[in-house]
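Quick notes on the structure that follows.
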Amino acid sequence: MTLFSHPDFDDHEGVYIFSDPKSGLRAIIAVHNTKFGPGCGGTRFWTYADDASALTDALRLSRAMSFKNAMAGLDLGGGKGVILRPKGEFDRASLFASYGRAIEKVAGQYITAEDVGVSPDDMCIIKTQTDYVAGLDDGEAASGDPSPVTARGIFYGLQTAVVRQLKQNDFSGLRVAIQGLGHVGYGLCEHLYAAGAELVVADINQSVLEKARAEFGASVVSPETIHAQDVDVFAPCALGGAISADTVEEIKAAVIGGAANNQLATPDMGERLVAKGILYCPDYIINAGGIINVASEVSGTYDPDWVESKVLAIKNTLTEIFDRAAATGQATSDVADAMAAEKLR
Ligand code: NAD
């Protein structure tokens, strides 16, 4: 395993490794860039195949948070925490308390919130050890679970992309494939269904699929084929890498936009999507709703009007990216990266 020559190492300001055999904690906190404020991004709690995969996730996701926060115009830098899920039995409260002490040691360079596998309850436990935590359910400025705001931002972003690509002002009659019906994916289904879309869904969790079938009349397909459905829009809302050398040629949707971070398995996928005439909404632009919600809490006063205005601004940012991409023939992902890198310079 390499660090400074790691392909995803991008002059991160700090990469911190924590181990606490008593609680079973093994965690990595990566702080990518603090130009606009403390590194802020969710903590992921996941079963990693090996340490190298956890490091890759921390490096890539923290950089994406720098880009996301800069492009959303927030006073926050980029950071991410990953906790390697212990193999055997463990006490969740003592694990997350230990993680809270780890965050405290990073001394304000990193502020955490929820990501995959982490709940507002876990945030409360972290809060017993450090103040560098947001996404709380209780407290003066508490913003709670960011997922509904993320889902709303993705819906707004897809509205913009659908107008641009399909010349349609609403979702009526459109077929949308949603990969992953978790906190964000299910919320996105609610918006799309209310807007008249026909839903095709996949998840590895059977119970949530039954719920979507009953509530939205959604068609259920296998996780292996969701990307290849005959749909207008594909929304990756599970984990990263949905658009890869294995899947890209099978995608039939005209628009892609969803919650997952790092949707492009490799950067060249952006150009492959251009070649196929697919309009891609860069992941860290369209899924910024949650961090916008968190940013309001971090500011010390939760302001729902400020949050809504910033979430709506996702539409403007996407429009600018689509315009620049159309003018230059570049991939939307490359345009977004160049704009973000420019802001961070
Ligand atoms: P979640 O854990 O609640 O949901 C993920 C869902 O994906 C689960 O239902 C899971 O069963 C399903 N899934 C896992 N593997 C799958 C597969 N191979 N095929 C289909 N479904 C699969 O997570 P979430 O909070 O909804 O977040 C989803 C994604 O969006 C993550 O990548 C996360 O990093 C990203 N994201 C979340 C937020 C937020 O506010 N929660 C904000 C920005 C980005």
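The values are calculated or read from the model by the stated rules, or taken from the named source; none is laboratory data. Just so you know, these numbers come straight off a predicted model, no measurement behind them. Reconstructed Cβ throughout: ideal geometry from the backbone, glycine too, with neighbour counts over all protein chains shown.
A few remarks follow.
- Picking from residues in the stretch 287-315 that are over 22 Å from Cys237 (Cα atoms) and of a type outside the set (Gly, Ala, Ser), the one that is surrounded by the most Cβ atoms within 10 Å (Cβ to Cβ) is Glu297.
- In the stretch 264-304, the residue that is farthest from the chain's Cα centre (by Cα) out of those that are outside any helix (DSSP H, G or I) and of a type in the set (A, V, I, L, M, F, W, C) is Ile278.
- Residues located in the stretch 156-174, provided they are within 16 Å of the ligand (Cβ to nearest atom) and surrounded by 24 or more Cβ atoms within 10 Å (Cβ to Cβ): Gly157, Leu158
- Just so you know, in the stretch 91-121 the residues that are of a type in the set (Asp, Glu) and modelled with pLDDT under 95 include one that is surrounded by the most Cβ atoms within 10 Å (Cβ to Cβ), and it is Glu114.
- Against the test of being at pLDDT below 95 and closer than 20 Å to Ala27 by Cα, the options Gly81, Gly139, Gly88, Gly144 yield a single qualifying residue, Gly88.
- For the stretch 141-168, a residue qualifies if it is assigned to a loop (DSSP other than H, G, I, E, B) and without any contact (Cβ under 8 Å) to a residue 12 or more places away in the chain, and the qualifying residues are Lys167, Gln168.
- Out of Gly289, Gly240, Gly257, Gly217, one residue alone is closer than 22 Å to Asp170 by Cβ and either near the ligand (Cβ under 10 Å from one of its atoms) or among the β-branched types (Val, Ile, Thr) (or both). It is Gly289.
One line per residue, one yes/no per condition, for (1) closer than 24 Å to Val248 by Cα; (2) near the ligand (Cβ under 9 Å from one of its atoms); (3) among the basic types (Lys, Arg):
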| residue | (1), (2), (3) |
| --- | --- |
| Glu190 | no, no, no |
| Ala195 | no, no, no |
| Glu198 | yes, no, no |
| Lys211 | no, no, yes |
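- Within the stretch 96-117, residues that are over 16 Å from Leu61 (Cβ atoms) reach partners that are among the charged types (D, E, K, R) and within 16 Å of the ligand (Cβ to nearest atom) with beta carbons closer than 7 Å, at six or more positions or on different chains, in the pairs Phe96/Asp122.
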